[in-house]
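Trainee: Have a look at the structure that comes next, please.
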Amino acid sequence: MTEDSIYPVDDMGSAASATPPMNRMVIAALALVGIFVALYLFAHNLGLGGPMVCGVGDCAAVQSSIYAKVGPVPVSAIGLVGYIALLVLSFMGIQPGRRDSRAIGGLLLAGAFGGTVFSAYLTYLEAAVIHAWCQYCVISAILITLIFFAALAEVPRLRGNRS
Amino acid sequence: MTAAFFGAACTNTIGAPLAAHRGVNVSRAEDRKKAREGGSDMTKFYLILGVIAVVGIGAVGYSVGSNTFGTAASEPVEVPGLDDQATLVAMAQGVKKGDEDAPFTIIEFGDYQCPGCGEFGLSVEPQIDLLLVQTGRAQFIYYDFPLTQVHPHAFLAARATRCAQDGDKYWEYHTMLFRNQSSWSVQQSAIGAFVGYAEDVGLEGDAFESCLKSDEHADVVSANMRLGYELAVPSTPTIMVQGFGQLRRLRNNSYQGIEEAMAAIEAAAAAGN
């Protein structure tokens, strides 16, 4: 290794291992919010959540549409599992020893990308097919988009030389 | 540790021991500083996660808990004395709309969870209301006949309408249940949805919920069911037209069918006279 190649790695490595990656902390916090949004919708799907408090839009129209389920599985359950996975991954990724993990970075980026694409599809359905908006779905779409932007910070880490 | 390792590697590579020694010290000091900052960041992070968790658990827990607990009568109850015809007629109470002196009475035995009743309630009932009830030609009476074996929320829905009747919002609530039938029918518990609809029609939510989460009106709904069985009601909706001492059961549950039944009754009455 040359001097030029060592110092940047040294600097990056020192900073990354001593302080938890901010983007993963942001992802964890957003994913936790997402968990409760999805949990609320899932509880409603099970009939446990009572009437959906829907200040804006028509949650009932969206939740009772055929698009509220993928086969027998409510979309909210898929969202719940996705957010839990993102929370667990990001939480692992801020623990000492895993802060530079490219595997976690890759999974976070892939998960956030998949979630954003799925959420974009659901938003399209609300706008163009169901013609009704569910505020919780919109909140979830915003959350997963923010998570994706936060996950983009994994790209330099993935391009780094160290595992 | 990682930083120290790279610091040492750096010393060997560039071959400047003193500078490197100073560099290692500086690097270790920076590491300690960063570690302290990292620890501080983690503390803030856990604090934020804790706040989110507390708020989230509180909000979802309140929403679920407040709508789950409570014992709402959702099955027919044993009402003593219904074997006696007079008691049954006294106990079974349909909900009436229109002039009691109208020449015809249109009777429906309905189930709020039955799709056919929903269709009748939303398409034919408005016509009955507009063309027969409001013009004084007929009175409309709705009797509960929840098919509890196939419609798990039907009995509760019938009780819910009676709770709404306590607040003088029976017909508004009746229509609301039919309008949202596809939504509440598929839920595991419909209590929360029913309370929400009550608030939507202008009822006081707590009073309604307290009524719903009890056995209030279970006796009337059960008596109505028994009356339906006594009248051999075969299915829901069963529509009957009564007038001039005659009672006809509709085969075609449409507004036209009702008009035809009324015309037939009038013709029979005229022929009898």
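Trainee: Are any residues in segment B:86-95 in contact (Cβ under 8 Å) with a residue 24 or more places away in the chain and either not assigned by TED's automatic domain parsing to the domain that holds B:Thr148 or not in a loop (DSSP other than H, G, I, E, B) (or both), and if so, which ones?
Mentor: First pass over segment B:86-95, keeping only residues in contact (Cβ under 8 Å) with a residue 24 or more places away in the chain: B:88-89, B:91-95.
If the condition is that a residue be in contact (Cβ under 8 Å) with a residue 24 or more places away in the chain and either not assigned by TED's automatic domain parsing to the domain that holds B:Thr148 or not in a loop (DSSP other than H, G, I, E, B) (or both), then B:Leu88, B:Val89, B:Met91, B:Val95 are the ones that fit.
Trainee: Identify, from the list B:Ser74, B:Ser63, the residue that is in a loop (DSSP other than H, G, I, E, B) and within 14 Å of chain A (Cβ to nearest Cβ).
Mentor: On the way: B:Ser63 fails: in a loop (DSSP other than H, G, I, E, B).
It is B:Ser74.
Trainee: Pick out, from segment B:186-234, the helices (runs of 4 or more DSSP H) lying fully within it that include 1 or more residues that are under 21 Å from B:Ile141 (Cα atoms).
Mentor: B:218-230
Trainee: Can you go through B:Leu130, B:Leu156, B:Leu122 and tell me which one is assigned to a helix (DSSP H, G or I), out of contact with any strand residue (DSSP E or B) (no Cβ under 9 Å at 6 or more places or on another chain) and buried (at least 24 other Cβ atoms within 10 Å of the Cβ)?
Mentor: Of B:Leu130, B:Leu156, B:Leu122, the one residue that is assigned to a helix (DSSP H, G or I), out of contact with any strand residue (DSSP E or B) (no Cβ under 9 Å at 6 or more places or on another chain) and buried (at least 24 other Cβ atoms within 10 Å of the Cβ) is B:Leu156.
Trainee: Consider B:Gly196 against the criteria (1) small (Gly, Ala, Ser); (2) in contact with a helix residue (DSSP H, G or I) (Cβ under 7 Å, 6 or more places away or on another chain); (3) within 13 Å of chain A (Cβ to nearest Cβ): it satisfies all of them except one. Which criterion is unmet?
Mentor: So B:Gly196 meets the others, but not (2).
Trainee: Also: Going residue by residue through segment B:205-215, is there one that turns out to be away from chain A (no Cβ under 14 Å), out of contact with any Leu (no Cβ under 6 Å at 6 or more places or on another chain) and among the basic types (Lys, Arg)?
Mentor: Taking segment B:205-215 first, the residues away from chain A (no Cβ under 14 Å) are B:207, B:210-211, B:214-215.
Now restrict to residues that are out of contact with any Leu (no Cβ under 6 Å at 6 or more places or on another chain): B:207, B:210-211, B:214-215.
With among the basic types (Lys, Arg) added as a condition, the list becomes none.
Looking through segment B:205-215, none of the residues is away from chain A (no Cβ under 14 Å), out of contact with any Leu (no Cβ under 6 Å at 6 or more places or on another chain) and among the basic types (Lys, Arg).
Trainee: A further question follows. Being modelled with pLDDT of 85 or more and within 14 Å of chain A (Cβ to nearest Cβ) narrows it down to one of B:Phe45, B:Phe5, B:Phe104, so name that one. Let's see the steps before the verdict.
Mentor: Working: B:Phe5 fails: modelled with pLDDT of 85 or more; B:Phe104 fails: within 14 Å of chain A (Cβ to nearest Cβ).
The unique qualifying residue is B:Phe45.
Trainee: Modelled with pLDDT of 95 or more and on the phi < 0 side of the Ramachandran plot: which single residue out of B:Leu231, B:Leu177 fits that description?
Mentor: Values: B:Leu231 fails: modelled with pLDDT of 95 or more.
The match here is B:Leu177.
Trainee: Would you confirm whether or not segment A:28-42 contains a residue that is facing another protein chain (nearest Cβ under 7 Å) and modelled with pLDDT under 85?
Mentor: Checked against the condition, which is being facing another protein chain (nearest Cβ under 7 Å) and modelled with pLDDT under 85, segment A:28-42 yields no hits at all.
The values are calculated or read from the model by the stated rules, or taken from the named source; none is laboratory data. Just so you know, these numbers come straight off a predicted model, no measurement behind them. Glycine also receives a Cβ, built like all others from the backbone with ideal geometry; neighbour counts cover every protein chain displayed.
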